[in-house]
Amino acid sequence: MGKRVKAICISATGSGAGKTTVTLAVLAALKRRGLETQPYKAGPDFIDPGHHHQVVGRRSHNLDTWILSAKENKSIFSRYAHDADIAVIEGVMGVFDGFGPDKETGSTAHLAKLLSVPALLVISAKGMARSIAAMVGGYQSFDPDLQWAGAIANQCGSSRHITYLGQAMDRHDLMPFTGGLLRDPELTMPERHLGLITAEEKSLGLKTLERLADLAEEGLDLDRLLDSLPHVQLEPPAPKDLAPTRDVRIGVARDEAFCFYYEENLRRLAVAGAELVFFSPLRDTKIPTGLHGLYLGGGYPELFAHRLSENTSLLGDISHLCKQGLPVLAECGGLIYLSRSVTDSQGMTWPLCGVLPLDVAMNQKLRRLGYCEVAFSRDTPLGPQGTLARGHEFHYSHIKADHGGADFGLFELTNRGSLPLGPAGWRVGNTLASYVHFHFGSNGQLADSFVEFCRRAG
């Protein structure tokens with residue numbers, strides 16, 4: 001039998017209620033108490049996990065009941081919670097929001113039930129008083145199979161307000177009231193077109209971390225909450241799964257411009273025999289030596305286009321290696337970086353690697369957001385024709401010009417409802433690029449195929 005660990009899933013009535021602020025405050029308080037805390041994020045988001053890592057010093061891992069199987073979710077959850085005192089999952093959107101109006105797949109509630117983890121309901125209490133009892137009652141009765149740990153009122157106006165909200169709930173047969181967090185404009189997480197500012201760009205300083213911990217300790221009954229949490233049964237630890245020899249060196253672009261990677265993707269590449277060598281397209285003037293492949297993930301290259309474009313030495317290095325046949329996987333931001341140019345939101349055009357015969361431009365409005373299933377139309381470095389995988393797309397850019405010369409349409413995409421989204425994916429030589437953020441946990445062969453392709457190409 002595996003270990004048992006206390007766990008909680010921080011959910012909310014809807015987006016904007018303050019899940020992330022509450023999660024970071026709880027993580028900071030647990031860290032202050034000396035508890036080894038393992039964070040997770042429900043859904044495909046890359047940004048919140050980076051902030052989790054800043055607070056507790058442990059990498060946060062994505063869980064998702066649409067992208068990943070039940071077995072894979074349980075495996076990821078168990079693998080990283082074994083040496084922790086408590087596991088904390090930050091939910092996604094509203095607690096019941098998922099696949100559609102009548103299906104729970106992809107929702108926070110579905111994940112919490114799958115892992116047998118109780119949920120904590122975050123409510124934005126701004127402008128709310130007795131109505132909190134009605135709201136909590138509705139959420140509590142909606143799904144009798146979901147176990148609740150309690151409710152937290154966020155964005156409260158005063159300690160008196162928090163007391164009033166607790167009294168309103170105490171008069172009804174509801175889940176426990178865990179307390180509330182006061183409004184603090186200094187702790188509002190800044191946002192932009194793809195979500196919150198990333199941890200790589202804006203570090204949560206010591207003062208902010210202390211303030212977050214203070215808010216949780218002062219406004220929440222953490223002792224009662226921790227005492228009430230049940231222990232969740234983890235799966236037995238898997239045998240050591242790193243390859244005995246890592247004979248393939250894969251360069252991974254990682255800095256403020258390229259920071260969207262699923263930790264599970266990196267782990268699976270290492271398991272398949274890859275030594276991951278991290279480098280910065282913003283700062284490094286040369287590519288790491290002895291590489292057998294490159295992984296260029298997503299991020300915000302458009303915000304750093306001027307600096308990326310000025311680093312002509314690295315652009316030339318990457319362009320030369322791609323022309324020599326170095327295998328490259330480029331996802332979203334990586335696609336932009338390998339294009340001929342990007343036109344930013346101010347209308348400025350910046351030359352880039354020129355590996356792909358594409359010009360990219362940023363839009364003011366979202367071009368695509370959502371899950372996608374990927375069917376391989378032909379053989380690729382990630383797998384043969386017929387391979388199926390899952391991931392998501394989230395981008396404001398579009399292909400302004402395709403000058404031809406690339407093999408297009410390597411994938412056929414469908415959305416989570418199996419409706420066709422059309423062809424996707426460009427290939428030039430051994431370079432594979434698309435807007436899709438693949439999750440390698442959706443198909444165990446993806447990482448193996450890419451590492452083996454790099455091994456053979458080298």
*Within the stretch 295-334, how many residues are under 21 Å from GLU264 (Cβ atoms) and within 21 Å of the chain's Cα centre (by Cα)?*
11
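Could you list, in sequence order, all residues of the stretch 272-296 that are farther than 12 Å from VAL248 by Cβ and of a type in the set (A, V, I, L, M, F, W, C)?
Across the stretch 272-296, the qualifying residues are PHE278, PHE279, LEU282, ILE287, LEU296.
Residue-by-condition table, conditions (1) closer than 21 Å to GLY16 by Cβ; (2) crowded, with 24+ Cβ neighbours inside 10 Å:
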| position | (1), (2) |
| --- | --- |
| LYS126 | yes, no |
| SER131 | yes, no |
| GLN155 | yes, no |
| LEU165 | yes, yes |
| ARG171 | no, no |
*Which of the helices (runs of 4 or more DSSP H) contained wholly in the stretch 206-271 include at least 3 residues that are assigned by TED's automatic domain parsing to the domain that holds LEU338?*
263-271
*What about LEU303, is it in contact with a strand residue (DSSP E or B) (Cβ under 9 Å, 6 or more places away or on another chain), surrounded by 17 or more Cβ atoms within 10 Å (Cβ to Cβ), more than 22 Å from GLU452 (Cα to Cα) and in the same structural domain as ALA433 (by TED's automatic domain parsing)?*
yes
*Can you pull out the residues in the stretch 396-408 that are in contact with a strand residue (DSSP E or B) (Cβ under 8 Å, 6 or more places away or on another chain), within 22 Å of MET362 (Cα to Cα) and touching a residue at least 24 places away in the same chain (Cβ under 8 Å)?*
TYR396, SER397, HIS398, ILE399, LYS400, ALA401, ASP402, HIS403, ALA406
*Which of the residues belonging to the stretch 1-59 are closer than 22 Å to GLY297 by Cβ, in a loop (DSSP other than H, G, I, E, B) and among the acidic types (Asp, Glu)?*
ASP45
*Considering only residues of the stretch 372-395 that are touching a Pro at 6+ places or on another chain (Cβ under 8 Å) and assigned to a loop (DSSP other than H, G, I, E, B), which is farthest from ASN62 (Cα to Cα)?*
SER377
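The values are calculated or read from the model by the stated rules, or taken from the named source; none is laboratory data. Keep in mind the model is a prediction, meaning the values are calculated, not measured. Neighbour counts run over all protein chains shown; Cβ positions are idealised from the backbone, glycine included.
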